[in-house]
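> Before anything else, here's the structure in question.
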Amino acid sequence: KMTLSLALVALISAFGSSFQYGYNVSVINSPAPYMQDFYNRTYLDRTGVPMDSSFQTLLWSLTVSMFPLGGLFGSLMVWPLVNNCGRKGTLLINNLFSIAAAILMGTSELAKTFEVIILSRVIMGIFAGLASNVVPMFLGEMSPKNLRGAIGVVPQLFITIGILAAQILGLNSILGNAKGKALPQDPSVGSMGEDFSQLKSRVLAAGWPVLLGLTGIPSLVQLLTLPFFPESPRYLLIQKGNEEQARRALQRLRGWEDVDDEIEEMYQEDRSEKEEGQFSVLSLCTFRGLRWQLISIIVMMMGQQLSGVNGVFYYADRIFESAGVDSSSIQYVTVSIGAINVVMTLLAVFIVESLGRRILLLAGFVLCSSSCAVLTLALNLQSTVSWMSYLSIACVIVYIIGHAIGPSPIPAVMITEMFLQSSRPAAFMVGGSVHWLSNFTVGLVFLYMEAGLGPYSFLIFCAICLATMVYIFFIVPETKNKTFMEINRIMAKRNKVEIQESKELEDSFPPGKREEKKALSSSEM
């Protein structure tokens, strides 16, 4: 059952880490013109000449793309950090990145430096890269098997809430503005009115640095609350060999005293892994017993990012514009898409345990590929058939729904489930790196693709969705309500390997000998 402890851990770690990932993905979209204006003014102040447009474009694309690049670096830090500092420890250390970046971004305008913004985007990326891998791992290891999927979708839910929060705060009427862009200067107004308009524009000018700096608040909340909650019991028992602490953590998370079954299951997992020891990324990639698991997470992570979700979000504004939505209300339309995203991910939390992971992944990719195909058609016929523009709006919405129920939330859950304790950190490192590399690639390539292919670029996304779907249909097993060991057995058949869990191994560790076993396991680490 869901206990208060478990719910709070899930909410605090998702709000403190995943929320900010989403927030920083979309936070610079609304204030972009004001920020570019600031880059320009700063450059002019320093050099006395205005910045030429190609340099400005370069600086802005760096500002945008440094975030996924940082995410890649963050993913590469997962393995050493979670093995040495624990899952909870890593999340706490990670907050320092975010708070540092928030302070730098919040003060960048006062300090008159745009380089700091670009640097902070890298730092925020590192934070997000760690967060996007460690939170699902931490929560997946803490959850009982019947809630693992639902709790595993919570980080993605908070990512979408973060995106929505940034969109709402970024509305021009709130923080997404700068020096009185919205104020026409009327020369006939007397000096009193002028003072007022200057004051108003100065207040507005404070907008975007605050918007960028707000990201430090969730980190502070997490830094102050998470230490009061237990570390992952699996980490405590299997990697630290501390049964007493693991038992206490489990009792707190489960809300009852008798946790022997779960402790026994962890020992069983530990025994089956004693053969292999801790996996590094290299040994993971060359180990035959985990081959299909590895291929599966790479395919799912690539499918998730290369299915064009960023392209669709990016295109949404233009699709609505061509459908005749008034340009001043477009930002509200974007917000409503963000809201649909949140609602559908919330739905996934509630259905992932009843329907299972596989169905959601398959259904999600079906919706995405079909809406991409229809979107290509609609965008091409828009100029000739009047109602086509409404069809393209419908496609965007169907696409967002499809992505939110499966491709977005499920892959991280599956990484937690398809790997055992010793290989999980390495697996998250691989999955995370693929995720961020693909994200970076789409961000880089999409503009060129769109310039060259126009609406046909969605056909490429359609093909990627279809390919991913076919792979999942044939290879990826259903994992709901199974223990990590049971999932491991299913995959072992596919890998055509034997699993080490023979009876004599179990008998060689009577309860009294567990102390020796601990000594063994700590010496092997």
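> When only C-alpha pairs under 8 Å and at least 6 residues apart count, what is the relative contact order of the chain, in percent? The partial results should precede the final answer.
On the way: 798 pairs, mean separation 120.0, N = 525.
Once divided by the residue count of the chain, the mean separation gives 23 percent.
> Nearest 20 debye, what's the magnitude of the dipole of the range 9-126 about its Cα centre given +1 on Lys and Arg Cβ and -1 on Asp and Glu Cβ?
On the way: 6 positive and 5 negative charges, 74 e Å.
Rounded to the nearest 20 debye, it is 360 debye.
> Still on this structure, I have one more. Please report the orientation-averaged projected area of the range 13-141, defined via the convex hull of its C-alpha atoms, in nm².
Numbers: hull surface 31.7 nm².
For the Cα atoms of the range 13-141, the hull's average projected area reads 7.9 nm².
> Can I ask one more? Return the FRET efficiency for the residue pair I295, T107: r is the Cβ-Cβ distance, R0 is 51 Å, and the value is rounded to the nearest 0.05. Could the numbers behind the result be given before it?
On the way: r = 46 Å, r/R0 = 0.89.
Efficiency, from the Cβ-Cβ distance: 0.65.
> Would you mind checking the tilt of helix 115-142 against the longest principal axis of the Cα atoms of the chain, expressed as 0 to 90 degrees and rounded to 10?
That works out to roughly 30 degrees.
> Relative contact order for the range 283-499: what is it in percent, counting Cα pairs under 8 Å that are at least 6 residues apart?
Working: 249 pairs, mean separation 82.8, N = 217.
With pairs under 8 Å counted, the relative contact order is 38 percent.
> Whenever you get a sec, compute what percent of the accessible area on the chain sits on carbon and sulfur atoms (1.4 Å probe). Intermediate results must be reported in sequence, preceding the final value.
On the way: 14550 of 21470 Å².
The C+S portion of the solvent-accessible surface of the chain is 68 percent.
> Could the peptides 67-77, 306-316, 286-296, 460-470 be put in order, highest first, of the mean number of other beta-carbon atoms found within 10 Å of their residues?
Numbers: 67-77: 23.5, 306-316: 22.0, 286-296: 18.0, 460-470: 20.3.
Descending packing order for the listed peptides: 67-77, 306-316, 460-470, 286-296.
> What FRET efficiency do you get for V366 and V335 if R0 is 22 Å and r is their Cβ-Cβ distance, rounded to the nearest 0.05? Mind dumping the intermediate values first?
Details: r = 27 Å, r/R0 = 1.23.
Working from the Cβ atoms, E equals 0.20.
> Can you compute the helix-only [θ] at 222 nm over the chain? Use -39500 (n - 2.57) per DSSP H run of at least 4 residues, normalise by all residues, nearest 500 deg cm²/dmol. Walk me through the intermediate numbers first.
On the way: 24 runs with 388 residues, N = 525.
Rounded to the nearest 500, the figure is -24500 deg cm²/dmol.
> Spelling out what I want: for every residue of the range 207-221, take phi, set θ = phi - 60°, compute 6.51 cos²θ - 1.76 cosθ + 1.60 (Karplus), and round to whole Hz; glycine and proline get x.
Running phi through 6.51 cos²θ - 1.76 cosθ + 1.60 with θ = phi - 60° gives x, 5, x, 5, 4, 6, x, 4, 4, x, 5, x, 5, 4, 4 Hz.
> Here is a further query. So what's the net charge close to I297: Lys and Arg +1, Asp and Glu -1, counting the other residues with Cβ under 12 Å from its Cβ? Kindly include the intermediate steps, with their values, before the conclusion.
Working: positive: R291, R424; negative: E417.
Taking every Cβ under 12 Å from that of I297, the sum is +1.
> Report the normalised scattering of the range 298-404 as log10 I(q)/I(0) at q = 0.24 Å⁻¹, calculated by the Debye formula with identical scatterers on the alpha carbons.
Computed log10 I(q)/I(0) values: -1.33.
> Please turn the phi angles of the range 379-385 into ³J(HN,Hα) values with the Karplus equation 6.51 cos²θ - 1.76 cosθ + 1.60 (θ = phi - 60°), one per residue in order, whole Hz, x for glycine and proline.
5, 6, 9, 3, 6, 9, 10
> With the Cα gyration tensor of the range 361-408 giving a ≥ b ≥ c as the square roots of its eigenvalues, does the rule (a/c under 1.5 for rounded; else a/b larger than b/c for prolate; else oblate) give rounded, prolate or oblate? Each step should come with its number before you reach the end.
Numbers: a/c = 4.33, a/b = 2.62, b/c = 1.66.
In terms of gyration-tensor shape, prolate.
> Let me ask something additional. Starting at the first residue of the range 395-405, write each ³J(HN,Hα) from the Karplus equation 6.51 cos²θ - 1.76 cosθ + 1.60 with θ = phi - 60°, in whole Hz, x for Gly and Pro.
Once rounded to whole Hz, the list reads 4, 4, 5, 4, 4, 4, 4, x, 5, 6, 8.
> Hey, another quick one. Starting from the Cα-Cα distance between T384 and M485, subtract it from 0.36 nm times their residue separation and give me the gain in nm to one decimal.
That works out to 30.6 nm of additional length.
> Same structure again: So which of K274/K482; K88/K240; K240/K480; K274/K493 end up more than 18 Å apart by C-alpha?
Details: K274/K482 22 Å; K88/K240 14 Å; K240/K480 28 Å; K274/K493 20 Å.
From the list (K274/K482; K88/K240; K240/K480; K274/K493), the Cα-Cα distance tops 18 Å for K274/K482; K240/K480; K274/K493.
> Report, as a whole number in µm² per second, the diffusion coefficient that Stokes-Einstein gives for the range 349-469 at 4 °C and 1.567 mPa s using the Kirkwood radius over alpha carbon pairs. Walk me through the numbers before you get to the answer.
Working: Rh = 16.0 Å.
Rounded to a whole number, D works out at 81 µm²/s.
> Once a ≥ b ≥ c are taken as the square roots of the eigenvalues of the Cα gyration tensor of the chain, is the result rounded (a/c under 1.5), prolate (a/b larger than b/c) or oblate (a/b not larger than b/c)?
Numbers: a/c = 2.29, a/b = 1.62, b/c = 1.41.
Verdict is prolate for the chain.
> May I pose another question? Mind giving me the nanometre distance, one decimal, between the label points for I174 and E264, set 7 Å out from Cα along Cα→Cβ?
5.2
> If eta is 1.567 mPa s and T is 4 °C, what Stokes-Einstein diffusion coefficient results for the range 283-499, Kirkwood Rh from Cα pairs, in µm²/s? Write out the running numbers ahead of the final one.
Numbers: Rh = 18.3 Å.
The Stokes-Einstein estimate is 71 µm²/s.
> Taking amide H positions as placed in the peptide plane 1.01 Å from N, state which residues far from K480 in sequence (5 or more) or on other chains have amide H under 5 Å from it.
Distant-sequence amide H within range of K480: R357.
> Which order, highest average first, do 442-455, 207-220 follow once you tally other Cβ atoms within 10 Å for each residue and take the mean per peptide?
207-220, 442-455
The values are calculated or read from the model by the stated rules, or taken from the named source; none is laboratory data. Treat the numbers as computed from the prediction; the structure is a model and nothing was measured. As a convention, Cβ positions derive from the backbone with ideal geometry for all residues, glycine included, and neighbour counts pool all protein chains shown. We work out accessible area using only protein heavy atoms, side chains counted, and drop any ligands, DNA or RNA first. Shrake-Rupley method; radii C 1.70, N 1.55, O 1.52, S 1.80 Å.
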